[in-house]
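A short worksheet on the structure shown next.
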Amino acid sequence: MARPVFRRRLALAALLFAGVAVATIVVTRAADRLALWRIVHEKCVPDEKTNGSPAPCESVDISSGEDNGVAILKDIVGVAQFLAIPTRRITGIEASEILDPSAPNYWRAAWAARGAMETRLGKPLPREAVGLAINSSRARSQDQLHIHIDCLSPDIRATLGAHLGEISTDWRALAFDLKGRRYDARRVDSADLADVAPFRLLADGDPSASGAMADETLVAIGATFETGPGFILLADRADPNAGVFAHGEDLLDHSCAIVK
């Protein structure tokens, strides 16, 4: 699976943190790269254990233990963007433990969090309007694994919809660009990602990817195929020498124009 690379978009913002009332953050490159971890580990999880109310997170699920839990946190960027964050310390897409067959399904938890998006937006969302993305290690400002959950850009939805029949169950390069990048894509037939392991599908689909996961970006987009509900998985790889850093979050739209 040969994978081209794309230009990085740098998001510069101020870190907001104001005690237990804060429910959102945005991070600059110079800020604490463990800010997400500290919020989840020092505030959300203790509040969930003590009070059954995981402030400042939207929710915390540690029903299978803290090492297997996931927190959902509203990001200050976007009207309805949330982050799915493990409640154990995991650096990011390059972490070997996410490929373990016993690893929690963070993608399933991220997809389930679209309900929180709908609450924010005040309306239901078709599955084709929602995307999940994890950036490469070279295109992130935080060193705690987190999956972005947000609206899909309207142009991305339209383009993928027009080419839906061309996407197979094997990884193949798309015949068209998305935001200037030629992603690799495959489909998975699943209603909620409960029976899918996107990280392992990426690593297993390309031997070179499994040894260079730090350079990978991975996106899951809701879809409806002729056979039923599913997802389109998109992957791209960074090439720092070319000034490209694999930022799959670019396919999301933090303004949620798609609902308008």
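None of the figures in this text is laboratory data; all of them are computed from the coordinates on show. Just so we're clear, the structure is a prediction, and the values are computed from it rather than from any experiment. When we count neighbours, we look across all protein chains shown, and the Cβ atoms used for this are built from the backbone with ideal geometry, even at glycine.
Sort out the exposed loop chymotrypsin sites (Phe, Trp or Tyr not before Pro) in the chain (DSSP loop, at most 16 other Cβ within 10 Å) and tell me the longest stretch that has none. In the chain, the maximal stretch lacking such sites is 18-175. Highest GNM mean-square fluctuation among Gly205, Gly78, Gly122, for the chain modelled with Cα contacts below 10 Å: Gly122. The value of relative contact order for region 19-259, using C-alpha pairs under 8 Å at least six residues apart, is 21 percent. When the helices of the chain are scored as -39500 (n - 2.57) per DSSP H run of n ≥ 4 and the total is divided over every residue, the value at 222 nm lands at -4500 deg cm²/dmol. Considering all C-alpha pairs of region 19-259, those separated by over 33 Å amount to 12%.
Put in line by how crowded their Cβ is, counting other Cβ atoms within 10 Å and starting with the fewest, Ser153, Ser102, Ser168 read Ser102, Ser168, Ser153. Computed 3J(HN,Hα) for region 55-66, one whole-Hz value per residue from the Karplus formula 6.51 cos²θ - 1.76 cosθ + 1.60 where θ = phi - 60°, is 4, x, 6, 5, 7, 9, 10, 10, 5, 9, x, 5, glycine and proline marked x.
Between Arg38 and Arg89, the modelled label-to-label distance comes to 1.4 nm, taking each label 7 Å out from Cα in the direction of the beta carbon. The ranking of Thr50, Thr87 from fewest to most other beta carbons within 10 Å of each one's beta carbon is Thr50, Thr87. Sorting Glu226, Glu97 by the number of Cβ atoms found within 10 Å of their own Cβ, with the fewest placed first, yields Glu226, Glu97. Once the Cα-Cα distance is subtracted from the 0.36 nm per residue extended length, the Ala162 to Ala194 segment shows a gain of 8.9 nm.
Amide H contacts of Leu178: Tyr183, each under 5 Å away and 5 or more positions distant or on a separate chain (H built 1.01 Å from N in the peptide plane; Pro and chain starts excluded).
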